[in-house]
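Structure record follows, encoded as structure tokens.
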Amino acid sequence: MPVFSKILRKYWHRTAFSNVYCVDLKPVIAMSTFVERVNPITGAKGWIMLDDDYDFHQEVARSAFADMLHDTERNEVYEKALKAAIDKMHAAGKKANVLDIGTGTGLLSMMAARHNADTITACEAFKPMSECARKIIKCNGFEGKIMIIPKRSTELTVGESGDLQRKCNILVTEVFDTELIGEGALSTFRHAHLHLLDKDCLVVPTSATIFAQVVECPAARDWNKPKDVFNDDLDLLMKTPESVVTCAGSAAVHDVQLSQLSRFNAITSPEPVLRFDWSGRTPFVYDRSTITSAVSQADGTAQMVFMWWELQMDADNRHVLSCAPTWARRGQEKPAWRDHWMQAIYYLPREVAVRKGQEINLISCHDEYSLWFNVATDLKISNIHYSRPVCECGLHVAASRTRIGQMNDTKRNKKYLKILEKHVDSSSVVLLLSDGFFLGLAASKLGARKLYCYETNRMLRPIWRDYVKTNQMGNVEILAEDDDPGRIASEVTLVLGEPYFSSSILPWDNLYFLYLLNKLKGRLSGTVKIFPQKCTIKGVPVRFEDLYKIRAPLGLCEGFDVKPFDDLIEESSGKSDANVEPQPLWEYPCVALGPVVEMASIDMHHLDQRDIKSVGTFVITENEECNGIALWVEWHIESPTVVISTGPTEEIVTGRKITWDVHTRQGVSLFPSKTASSIPYELKFKFEEGDLSFVFS
């Protein structure tokens, strides 16, 4: 699978989107490609022309190679285990013939050469990276020592005229993801043992263990199960449909930096639940279930499983590489920061109440590429406990996990209810302009004469109908994306948006609300109330503890010169990347280095918008190097009293860590660390094109 495709699928997997598709279009003229794009701000579709090598540059820029090479712990543990394997072969009087599958930059192969392997064959299917590896190997003096083959390992041949003259007796590879087996590790190892390796070979790593911990964590549960909505008097305003409440949810992994999620009730201690033997000594199993008995450590509700894994790098278990979060390291030093391997949450299809001291059964399952879990409190376990959870309500397919979290944000919801309670009466005709804004249905309960819900995500419309039916609302009409909201505009007295749209990626993409309003221009009455009233774009200079590493050049890596890789990443990022990308900053600690800057303000009541150009300066008051600008949007629902922030949840204090909203992604511009007293910026918003861009000098 091409690297960029893997990165995209990881992002969609993580956010639980299933309504996203990749479409490859062949070039229609030499050296260029037409690609259809949807502008998330305007909703308009259009065709743009890109260089024919654009996909290549995207794959390079979005690959996780740089992140992995910054992982010193990973590199050192791999090298120690590889040296031990080579020494063991030599001690047995054999040559050390190394096969490196998925070599990337060639780092592991150069380590093998440094420790006197006799032959080294490295395969890398991603050709731009295999060419980069050739350059790196040459500039480090190993050109005649390492053979690079630009193929997948499953395409390699052995024999006199094959890619390999003989089978190898040492395999070193890193084909793992957060879920361990999601990149096809099982089939990769199996094929290698069947076709490429000697029977008595050594494998680095030799095995892996999955650890699972059953927990109760209301904060994480909010990403999976929508809750009923109550007002301040605890009157039920919005009941969640039973189909959503009882739904097993999605089996898709939710990968997060668990070290940043410290508040939870541990139902069990971390338990080893699945072991994978890469050595070839035991058969490879593609479908398996295990039952692990554990005793509950506390009263509570088993809601989910926290998962991570560790690699046993050698048969003697002297070298271990663990992905355990900080709080589960058993007294070990703080782990290396990783974004290529994180930890994961698996939501249980059925929550189980348990008592302290009660025995529970943790059921762990996997197929060739993925994992899932369940919990049972008795020994009569039916087949349903082994089946993969499947979303039947539709919400877990149509909405991202962060979106479900937004729906459950009590503080956020109270602000919208405050607007509805203040402005809705029996004469109100309300138009909701947002995707999945089920909270807005409370307007019906508060006495609105009519409620229109304009929904651009077709997969959410059946869920709207479930909410309407469950709450017995007869005055609600759901408008589809191809409906003309203008036909009802003249009767509307109040327009309310969060705003939130499924197509949004960056915080300001939800300005789509403004373009939907623009469609109603001239048809809304002069007395109509519009909420939000204003949007402001803000930023702050920061120093990230670790996130900067995904873009930081390496120079030297474990003593090897990898400048050709740095040059490749820089060139590709410059050609394919926007200088602002979305990141969930609650997972990536950073310190504010200066005061917040309001970069732009957009009035929702002025539908005849003009282009905006804003210039200014971020002042750095802390004596630290700056490596990024963090950006977000504040929606002034009713200015100045009711404001929804997609950024910090507490006032930013210069010199201290920022507390970020956990249900949205912020915008980030990363750059090499630099000492400066100020960073000039320019923001441009071209209204007609829906093009909002940033330049940081």
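Where a number appears in this text, it was derived from the coordinates with a stated rule and is not lab data. Bear in mind the structure is a predicted one, so any value in this text is a computation, not a measurement. Glycine gets a Cβ as well: all are built from the backbone with ideal geometry, and neighbour counts include every protein chain shown.
Kindly give Rg over Rh for region 208-396, based on alpha-carbon atoms, with the Kirkwood expression for the hydrodynamic radius.
On the way: Rg = 17.8 Å, Rh = 18.0 Å.
Ratio of gyration radius to Kirkwood radius: 0.99.
Among S161, S259, rank each residue by its count of other Cβ atoms within 10 Å, from fewest to most, as a rough exposure measure. Before the final figure, lay out the partial values.
Numbers: S161 6, S259 19.
Lowest count first: S161, S259.
Within a 10 angstrom radius of the beta carbon, how do S444, S426 rank from fewest other beta carbons to most? Kindly include the intermediate steps, with their values, before the conclusion.
On the way: S444 23, S426 8.
Starting with the residue having the fewest Cβ neighbours, the order is S426, S444.
Rounded to the nearest 500, what is the chain's calculated 222 nm mean residue ellipticity when only DSSP H runs of at least 4 contribute -39500 (n - 2.57) each, over all residues? Don't jump to the answer; show the numbers that get you there.
On the way: 17 runs with 152 residues, N = 697.
Calculated at 222 nm, the ellipticity per residue is -6000 deg cm²/dmol.
Can you report the principal axis dimensions of the chain using only the alpha carbons, biggest first, rounded to whole angstrom?
Its Cα atoms span 91, 63, 53 Å along the three principal axes.
Determine the dipole magnitude for the chain: charges of +1 sit on the beta-carbon of Lys and Arg, -1 on that of Asp and Glu, nothing else is charged, the reference point is the Cα centre, and the result goes in debye to the nearest 20.
Working: 79 positive and 91 negative charges, 168 e Å.
Rounded to the nearest 20 debye, it is 800 debye.
In the neighborhood of A302, defined by Cβ-to-Cβ distances under 10 Å, what is the net charge if each Lys or Arg adds +1 and each Asp or Glu adds -1? If you can, show how the numbers build up before the last one.
Working: positive: R350; negative: E216, E351.
Neighbour charge sum, excluding A302 itself: -1.
Take Q533, project a point 7 Å from its Cα along the Cβ direction, then tell me which residues of region 639-682 have their backbone nitrogen under 15 Å from it.
Hits in region 639-682 for Q533 at 15 Å: 639-644.
Checking the cross-link filter: which lysines have an alpha carbon closer than 20 Å to that of K613, excluding same-chain neighbours under 8 positions apart?
K534, K538, K684, K686
For region 274-379, state which GluC sites (Glu not before Pro) are in a DSSP loop and have at most 11 other beta carbons lying within 10 Å of their beta carbon. The partial results should precede the final answer.
Working: sites: E310, E333, E351, E359, E368; in loops: E333, E368.
Qualifying residues, ordered by number: E333.
What FRET efficiency would be calculated for the residue pair T410, M147, taking the C-beta separation as r and a Förster radius of 56 Å, to the nearest 0.05?
With R0 = 56 Å, the Cβ-Cβ based efficiency is 0.40.
Using the basic label-point model (7 angstrom from Cα toward the beta carbon), what is the N317 to M473 distance in nanometres?
5.7
So, R0 is 35 Å and r is the distance between the beta-carbons of S243 and K686; what FRET efficiency does that work out to, to 0.05? Provide the component values of the computation, followed by the final result.
Details: r = 43 Å, r/R0 = 1.24.
With a Förster radius of 35 Å, E is 0.20.
Among all the lysines, which ones have a C-alpha under 17 Å from K414's C-alpha, if same-chain residues fewer than 8 places away are not counted?
Partners within reach: K227, K239, K422, K445.
How do L514, L194 rank when sorted from fewest to most other Cβ atoms within 10 Å of their own Cβ? List each step's numbers first, then the result.
Numbers: L514 23, L194 10.
Exposure proxy ranking, most exposed first: L194, L514.
Do any trypsin sites (Lys or Arg not before Pro) in region 388-434 lie in a DSSP loop with no more than 15 other beta carbon atoms within 10 Å, and if so, which? The partial results should precede the final answer.
Working: sites: R401, R403, K411, R412, K414, K415, K418, K422; in loops: none.
Listed in order of number, the matching sites amount to none.
On a 0 to 90 degree scale, rounded to 10, what angle separates helix 461-470 from the longest Cα axis of the chain?
It works out to around 60 degrees.
If you put +1 on each Lys and Arg Cβ and -1 on each Asp and Glu Cβ, how big is the dipole of region 534-696 around its Cα centre, in Debye rounded to 20? Write out the running numbers ahead of the final one.
Details: 15 positive and 27 negative charges, 48 e Å.
Dipole of region 534-696, to the nearest 20 debye: 220 debye.
Please identify the trypsin sites (Lys or Arg not before Pro) of region 520-598 that satisfy two criteria: DSSP loop assignment and at most 12 other Cβ atoms within 10 Å. Which are they? Mind dumping the intermediate values first?
On the way: sites: K521, R523, K529, K534, K538, R543, K549, R551, K575; in loops: K521, R523, R551.
Answer by residue number: K521.
Based on the Cβ-Cβ distance from S490 to T617, what FRET efficiency comes out when R0 is 45 Å, to the nearest 0.05?
On the way: r = 46 Å, r/R0 = 1.03.
With R0 = 45 Å, the Cβ-Cβ based efficiency is 0.45.
What percent do you get for the relative contact order of the chain when only Cα pairs under 8 Å and 6+ apart count?
On the way: 1502 pairs, mean separation 88.8, N = 697.
After rounding, I find 13 percent.
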